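Chemist: Structure provided below as structure tokens; questions to follow.
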Amino acid sequence: MSVGRTAPPQASRTVDVSRLLALSSEGASLVLGIFIVTNVVFTISTIHSVSPRWPAYVAAVIVSAAGVLLARPHPDPFPLRDSWLVVGAVVASTLLISWTLPTEGPTGRASWHLGSNTWLLWFLILRGRTALAWGAAAAMAAITAVWTATTGRSALTGLLMVDTQLGLLVVATLFVTSLRRTARRINELTERSVDAAAAAATAEASRQVRLQRAAEVAAASLPLLERVASGAPLSDDERGRMREAEARLRDGVRGRALATPAVLDAAAAARARGVDVTLLDDRGSGLGSGEAMARVDDAVAAALAAATGTVTVRLLPPGRDEALTIVSVDGDRVSRTVLDAAGSTTAA
């Protein structure tokens, strides 16, 4: 049963029994409406059979309100506080109506509360509160038994009044057990599908990166290779461009995550000044966030812009306090800059 409202934002996307039964659908809202109308019709049509009459009206309001509460969209299991309110409604309505029923002859539809309460407990079981539902059913049976005992009716009368209701709850318990197994299978299949889609997306992204790298390599090296294959003497400018292209290709292979446009441009500028630049990626991937890698780009570019002699930039393997080191050597002068996993400079 549901009033068709949107599930709260915190609701999990995992399939549960409520979602399998579409308890937030318009059809479920129609069932809730029929449930409320039925309570009202039974109350009014049997009001001449009970005395006093006001408890029947109050019970109808309580049971119908519990149905609306139980229809509230929420992932299974149903909230514990609201579940206790449903249990309270079952107990209160049973207490209100039992001692107004006729003490002789069949009660007929005047004991409508038993069937309505059973439907409340049925859906409480479906929503993951089986123990509370059976506790409320036991309380309803006990109250009915006490009423038969205090009004001179036989114990068999009390049993016959609730036996069908208890049987329905047995069916609900077995039914929900089967549905939960189905929900688990659906969730497992969904998880596998999501994992497969993620793996496919990762593979496609890797393929696109490889294609892009291949295109970049071809664009940078093919004209130079064709120039070498021509056999004509190379000018100093052409030799310089070939050395620069070779250095960029080496940076892309050995530097990997470090080989960003900003770092490659800074490395090319440093090499043009005669600096020996080495980029090494021993981590296999960049740092954990884009902000951290942006700080790495800035730090490496600044170090290369000020460097002389030899500079080695190295991304260290994961699991260390130090994430990246920049070591500059110029004669006897050695400087070392260390960045952590957040891309922030730490004490060397």
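Chemist: First check a/c for the chain, with a ≥ b ≥ c the square roots of the eigenvalues of its C-alpha gyration tensor; if it is under 1.5, answer rounded, and if not, answer prolate when a/b is larger than b/c or oblate otherwise.
Modeler: Values: a/c = 5.41, a/b = 3.88, b/c = 1.39.
Here the chain falls in the prolate category.
Chemist: Right, something else. Would you list the membrane-span-like helices of the chain, meaning whole DSSP H runs whose alpha-carbon atoms span at least 18 Å along their axis and whose mean Kyte-Doolittle value is at least 0.0?
Modeler: In the chain, the long hydrophobic H runs are 26-45, 54-70, 80-98, 112-126, 130-150, 155-229, 290-306.
Chemist: Grab the Cα-Cα distance for Ser230 and Leu211, subtract it from 0.36 nm times how many residues apart they are, and report the gain in nm with one decimal.
Modeler: Gain on extension, Ser230 to Leu211, equals 4.1 nm.
Chemist: Shifting gears a bit: Leaving out ligands, DNA and RNA, what percent of the accessible area of the stretch 153-310 is carbon and sulfur, probe 1.4 Å?
Modeler: The nonpolar share, carbon plus sulfur, comes to 61 percent.
Chemist: Name the residue from Val194, Gly319, Leu166 whose Cα lies farthest towards the positive end of the charge dipole of the chain, charges +1 on Cβ of Lys and Arg and -1 on Cβ of Asp and Glu.
Modeler: Among Val194, Gly319, Leu166, the one farthest towards the positive end of the dipole of the chain is Leu166.
Chemist: How would you rank 277-287, 111-121, highest first, on the average number of other Cβ atoms within 10 Å across their residues?
Modeler: Highest mean packing first, the order is 111-121, 277-287.
Chemist: Counting only heavy atoms of the protein chains, get the accessible area per residue of the chain (1.4 Å probe) and round it to a whole Å² value.
Modeler: Working: 18520 Å² over 348 residues.
Ligands and nucleic acids excluded, the result is 53 Å² per residue.
Chemist: Nearest 20 debye, what's the magnitude of the dipole of the chain about its Cα centre given +1 on Lys and Arg Cβ and -1 on Asp and Glu Cβ?
Modeler: Values: 34 positive and 30 negative charges, 224 e Å.
For this selection, approximately 1080 debye.
Chemist: Another one. What residue among Ala259, Ser285, Gly309 has its Cα farthest toward the positive end of the dipole of the stretch 201-338, where the charges are +1 on Lys, Arg and -1 on Asp, Glu, each on the Cβ?
Modeler: Toward the positive end, the furthest listed residue is Ser285.
Chemist: About the Cα centre of the stretch 54-173, what is the dipole size in debye to 20, counting +1 per Lys and Arg Cβ and -1 per Asp and Glu Cβ, all else neutral?
Modeler: Charge dipole of the stretch 54-173: 160 debye, to the nearest 20.
The values are calculated or read from the model by the stated rules, or taken from the named source; none is laboratory data. These numbers come from a predicted model, not from an experiment. Neighbour counts are summed over all protein chains in view; Cβ atoms, including those assigned to glycine, are modelled from backbone coordinates with ideal geometry. When the accessible area is computed, the model is the full protein with side chains, heavy atoms only, and any ligands, DNA or RNA have been set aside. Shrake-Rupley method; radii C 1.70, N 1.55, O 1.52, S 1.80 Å.
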